[in-house]
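Inspection log for the structure reproduced underneath, given as structure tokens.
Laboratory data are not the source of any read-out in this text; all were calculated from the coordinates shown. All values derive from a computational prediction rather than experimental measurement. So basically every Cβ, Gly included, is an ideal-geometry build from the backbone, and we count neighbours across all protein chains shown.
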Amino acid sequence: MEEHEPVLVEVTRGSIVEAWHHGALVAVSTDGTIIAAVGNPDWVTYLRSAAKPFQALSVVESGAADHYGLSERELAVICGSHAAEPCHVEAVRSILGKIGLDESALHCGAHMPGSEEAARALIRAGESPQSIHNNCSGKHSGMLALARFWGADVESYLEPTHPVQVANRRVVAEMAGLRPEEIIVGVDGCSVPTFAIPLRAAARAFARLSDPAGLSPARQAACRRIVAAMQAHPEMVGASTGSFDSDLMRALGTRVVSKGGAEGFHGVGVLPAAGRPALGLALKVEDGIGDRARGLAMLEALRQLGVVGGEDLKSLARYVRRPLHNHRRVEVGELRPVFFLNHSVHEVLNG
């Protein structure tokens with residue numbers, strides 16, 4: 001990586017620029033060809049929670065999802081970083097009930113709900129957050145479902161050598177066009193193994209999730225089922241309001257699948273459409289402050305690639321330009337994207 005990646009988003013206050021969010025973004029086709037990029041496409045970085053749709057593939061592909069009768073909403077929360085709204089907590093409890101476990105089986109740790117309303121409800125009730133309120137509890141319930149289906153130990157499901165985690169690493173590698181041993185493994189905030197790969201490989205994984213043609217029949221079916229669940233229930237992937245993933249999929253319907261991760265990572269898959277092949281995009285904000293810059297940068301990239309425009313941008317206005325307010329709600333500046341993609345294969349996008 002260079003000393004600094006290019007500026008993706010700038011923050012103004014009054015008449016001057018006060019801060020910058022540097023980063024890199026790459027868009028690729030299903031075969032890994034770079035279509036457009038800004039910054040270093042070979043930057044090796046952790047997927048964090050953006051890996052969840054891929055970690056969910058084995059739950060479907062193995063037969064575990066059918067065996068336990070998991071619904072679309074439940075598959076979506078397995079792929080999500082939820083806000084612990086009632087619908088999210090109920091879905092995770094339903095999964096645990098179907099596999100014969102309770103909340104004590106979740107080893108993701110506890111934090112306050114991402115939903116302010118849900119957090120206030122806990123405080124009013126005099127209760128402390130539990131593991132089920134963790135934004136990753138859906139993913140963990142999916143891993144436990146797979147462990148139960150395979151007859152594997154559920155107590156050690158977080159260990160890198162556990163069959164579930166070995167499978168997750170293998171699936172991520174296959175989707176990204178890598179070998180498992182090429183993936184750098186760390187420990188995520190929720191204690192599961194997390195995977196670091198080049199941005200261009202991450203983008204390819206999202207492209208293949210969006211168009212799995214050429215993969216095994218079982219993998220194709222699993223990809224299509226995961227994408228359909230996320231698109232049908234975007235609120236389960238993030239939140240009812242205020243989540244870029246949820247807002248983007250709600251606005252664009254069946255055109256995209258979107259999943260962000262901590263420390264400024266984000267992945268989007270663009271499904272194939274008339275005159276345009278599938279695309280995968282991967283973004284890393286260098287300073288890790290993803291909530292400020294991630295949505296603006298990703299939506300701008302989708303605009304420059306011709307995926308969104310017109311009415312789409314109106315419905316996603318808060319990610320086009322974000323006003324900066326002070327504590328009295330007075331507008332004092334704005335956040336705005338300032339980069340231009342280098343289109344490597346422009347003709348692919350325009351037929």
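Do you know the Lys pair count in segment 7-349 for C-alpha distances under 19 Å, with sequence separation 8 or more or different chains?
6
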Task: Volume of the Cα convex hull of segment 116-158, divided per residue and given in Å³ - done: 79 Å³
Open item on the list: Under 10 Å, Cα contacts only: if you run a Gaussian network model on the chain, which one of Val330, Val192, Val172 comes out with the highest mean-square fluctuation?
Closed with: Val330
- [ ] Between His140, His21, His325, find the one with the highest GNM mean-square fluctuation for the chain; connect C-alpha pairs within less than 10 Å.
- [x] His325
Task: Calculated [θ] (222 nm, deg cm²/dmol) that DSSP helices of n ≥ 4 give over the chain, each run adding -39,500 (n - 2.57) - done: -11000 deg cm²/dmol
TODO: For segment 1-156, state what percent of all Cα-Cα pairs lands in each successive 10 Å bin, counting from 0 Å until the bin that includes the largest distance.
DONE: 10, 29, 23, 24, 12, 2, 0
Open item on the list: One quarter of the convex hull surface, Cα atoms only: what value does that give for segment 225-351 in nm²?
Closed with: 8.7 nm²
Open item on the list: Just want the answer: with Cβ charges of +1 for Lys and Arg and -1 for Asp and Glu, which residue in Cys108, Ile95, Asn135 is farthest toward the dipole's positive end in segment 92-150?
Closed with: Ile95
Open item on the list: Counting other C-beta atoms within 10 Å, and keeping those with at most 15, which DSSP coil GluC sites (Glu not before Pro) do you find in segment 1-86?
Closed with: Glu2, Glu3
Open item on the list: What does the extension gain come out to for Val338 and Glu116, with contour length at 0.36 nm per residue minus their alpha carbon separation?
Closed with: 76.8 nm
Task: Percent of C-alpha pairs per 5 Å bin, segment 91-167, short to long - done: 3, 17, 24, 21, 16, 9, 6, 3, 0
- [ ] Kindly state, as a whole number, the per residue volume in cubic angstrom of the convex hull around the alpha carbon atoms of the chain.
- [x] 132 Å³
